[in-house]
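Enquirer: I'd like to ask you about the structure that follows.
The values are calculated or read from the model by the stated rules, or taken from the named source; none is laboratory data. Note that this is a predicted model, so its numbers are computed, not measured. We place every Cβ from the backbone using ideal geometry, glycine too, and count neighbours over all the protein chains shown. Just the protein is used for accessible areas: all its heavy atoms, side chains included, with ligands, DNA and RNA removed. Shrake-Rupley method; radii C 1.70, N 1.55, O 1.52, S 1.80 Å.
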Amino acid sequence: MTDSASPILADEAAIEDAAELFRKAKRVVALTGAGMSTPSGIPDFRSEGTGLWSRDEPMEVASLSTFRTHPERFFHWFRPLVGQIFNAEPNAAHTALAEMENPSRAITVITQNIDLLHQKAGSKNVVEMHGSVQSMTCTECFKKFEAKFFILEFIESGTIPRCSNCNGILKPDVILFGEQLPQTAWFDAQRAARQCDLMLVAGSSLEVLPVAGLPMQALDRGAHLIIVNNTPTYLNVRADVVLMKDVSTILPEIAKRAIHG
Ligand SMILES: [Zn+2]
């Protein structure tokens with residue numbers, strides 16, 4: 001039997017090792033990136049050739065300065081993306097992660113995704129490094145709004161969402177390029193990374209600092225490290241288990257063994 005005919009069989013030993021680390025773990029951190037959501041149909045707009053956009057465009061159009069100077073350009077870019085995000089469902093990787101949580105094994109999810117799919121899958125403790133599409137804030141009076149109503153109307157009409165209080169433009173509470181990471185989320189993420197006994201990197205190539213440095217903080221304090229990602233990361237050499245495969249294939253296999261093994 002060839003590797004491609006049976007990818008799971010070929011990775012069986014590594015999957016079992018990963019499941020064993022989960023069975024022994026008390027405090028897990030799962031650090032997730034765009035690769036976690038691509039199986040749900042959300043394009044990784046930072047990767048070349050994978051989405052609706054060229055590689056350089058989002059850096060500019062999804063930046064804080066473009067939002068401030070040409071909000072219509074940002075919203076034009078955001079419209080198809082936010083539509084995909086609102087229609088997306090959690091995939092098998094999100095579900096597997098949520099299912100491995102139990103009273104004796106806490107799982108903190110630190111995510112770079114803005115799509116709320118971990119919460120939809122049932123994960124209880126999610127730290128969002130780049131915010132989410134849950135809410136929007138007025139750029140004039142700073143009133144906060146539940147995003148759903150505004151976003152659905154915006155997807156329908158394309159009209160830029162405005163504050164019902166002062167008519168200011170509403171900015172989605174997602175972190176744009178050139179914008180600071182939210183302080184509270186960053187502190188929570190560091191604390192979780194330092195206190196965990198197992199870190200799982202899932203669907204992240206660990207390319208964007210400072211988040212990419214979190215697994216080092218865990219390793220420095222003796223935590224185990226599992227990496228499940230399609231492409232290599234700088235920490236593959238330090239990981240206990242590396243599976244260079246799609247998260248939606250691998251995480252359910254790990255969960256099945258961690259839960260029932
Ligand atoms: Zn306002």
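Enquirer: May I ask you to derive the relative contact order of the range 78-221, considering only C-alpha pairs under 8 Å and at least 6 residues apart, and to give it as an integer percent?
Expert: Relative CO of the range 78-221 lands at 18 percent.
Enquirer: Can you give the % of DSSP beta bridges in the chain that are antiparallel, to the nearest 5?
Expert: In the chain, approximately 25 percent of DSSP beta bridges are antiparallel ones.
Enquirer: Compute the distance in nm between two label points, each set 7 Å from the Cα along the Cα-to-Cβ direction, one at residue 180 and one at residue 155.
Expert: Spacing of the two 7 Å Cα→Cβ label points: 3.2 nm.
Enquirer: Given the options 113, 165, 87, state which has the largest fluctuation in a GNM of the chain using a 10 Å cut-off (strictly under) for Cα springs.
Expert: Looking only at 113, 165, 87, the largest GNM fluctuation is found for 165.
Enquirer: Helix 147-157 versus the longest principal axis of the chain: what is the Cα-based angle in degrees, 0 to 90, to the nearest 10?
Expert: The angle comes out at about 60 degrees.
Enquirer: Can you tell me how much longer the chain between residue 134 and residue 79 gets when fully stretched, taken as 0.36 nm per residue apart minus their C-alpha distance, in nm with one decimal?
Expert: Roughly 18.3 nm would be gained on extension.
Enquirer: For the chain, what is the calculated [θ] at 222 nm in deg cm²/dmol (nearest 500), taking -39500 (n - 2.57) for each run of four or more DSSP H residues and dividing by its residue count?
Expert: -11500 deg cm²/dmol
Enquirer: Which of the aspartates and glutamates could a cross-linker span from residue 171 if the Cα-Cα distance has to be under 12 Å and same-chain partners fewer than 8 positions apart are dropped?
Expert: In chain and number order, the partners are 72, 140, 146.
Enquirer: Test of understanding: extend the Cα→C-beta vector of residue 12 to 7 Å, then name every residue of the range 238-261 with backbone N under 19 Å from that spot.
Expert: Correct set: 242-245, 249-261.
Enquirer: With r defined as the distance between the Cβ atoms of residue 208 and residue 244 and R0 fixed at 25 Å, what FRET efficiency is calculated, to the nearest 0.05?
Expert: In this case the efficiency is close to 0.85.
Enquirer: On C-alpha positions alone, give me the angle between the axis of helix 12-24 and the longest principal axis of the chain, in degrees, nearest 10.
Expert: Compared with the principal axis, the helix lies near 80 degrees.
Enquirer: Assuming 0.36 nm per residue, please report the length gained on full extension of the stretch residue 102 to residue 144 beyond their Cα-Cα distance.
Expert: Roughly 11.8 nm would be gained on extension.
Enquirer: Taking only protein heavy atoms into account and a 1.4 Å probe, give the accessible area per residue of the range 179-240 in Å².
Expert: 48
Enquirer: Counting only protein heavy atoms, what percent of the accessible surface of the range 202-252 is carbon or sulfur at a 1.4 Å probe?
Expert: Exposed carbon and sulfur together represent 53 percent of the surface.
Enquirer: Additional query: Mind checking the full-extension length gain between residue 23 and residue 256? Use 0.36 nm per residue of separation minus the Cα-Cα distance, one decimal, nm.
Expert: Extending this stretch completely gives an extra 82.8 nm.
Enquirer: A further question on this structure: Remind me, relative contact order of the chain in percent, using alpha carbon pairs under 8 angstrom and six or more residues apart?
Expert: Worked out over the chain, it gives 26 percent.
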